[in-house]
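Novice: Here's a structure for you.
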Amino acid sequence: MVELDHSFSTGKPTDYNWEAILDLDRVIPCVEGGSVVERTSPESATAEILVKMGAMSMNFRGTVEVAERDDDAHRAVLRVKSKDLGGQGYANADVVFSVADGGGTIHTAARISGKAASMGEGIVQNVLDALITDFTQKLATI
């Protein structure tokens, strides 16, 4: 398991940040290579992400759902369950968002298997770190 912590700044009020995090149609495309395939409910979507790890690219498809939501604390858990379309691996994660005025924090706990995991934990951690850092920058624009 790889665990990472990031903070983000949007310069926007808490309510705006909260709505953005919970809007899967807005938040999923903030992940580099991420897209919504289909909204399956107000709280879940089928999504795809193309991940580049060095010379290798992997396409993952699965679900993103708002698994936990605390409106008073402005804390939500987005649960990602995906499979590598070109192999036997998977990439699953619980992403915990805590938002406030001007931004917030993200805690990611990811479990990866297959080709991606075979690259080594350090590479996986670097790729995830870069994806999340890019994601936090895009959050400021939604």
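Coordinate-derived values only; no laboratory data. Remember, predicted model here, so these are calculated numbers, not experimental data. No Cβ is skipped: glycine too gets one built from the backbone with ideal geometry, and neighbour counts run over all protein chains shown.
Novice: Return the residue satisfying two criteria in turn: it lies in the range 88-124 and is of a type outside the set (Ser, Thr, Tyr), surrounded by 15 or more Cβ atoms within 10 Å (Cβ to Cβ) and touching a His at 6+ places or on another chain (Cβ under 7 Å), and of such residues it is farthest from Met58 (Cα to Cα).
Specialist: Top of the filtered list is Val99.
Quick grid of which residues meet (1) on the phi < 0 side of the Ramachandran plot; (2) touching a helix residue (DSSP H, G or I) at 6+ places or on another chain (Cβ under 7 Å); (3) surrounded by fewer than 18 Cβ atoms within 10 Å (Cβ to Cβ); (4) of a type in the set (Gly, Ala, Ser):
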| site | (1), (2), (3), (4) |
| --- | --- |
| Asp5 | yes, no, yes, no |
| Pro13 | yes, no, yes, no |
| Ile28 | yes, no, no, no |
| Glu43 | yes, no, yes, no |
| Asp70 | yes, no, yes, no |
| His74 | no, yes, no, no |
| Leu78 | yes, no, no, no |
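Novice: Hey, another quick one. Go through the range 11-43 and count every residue that is more than 11 Å from the chain's Cα centre (by Cα) and aliphatic (A, V, I, L, M).
Specialist: 4
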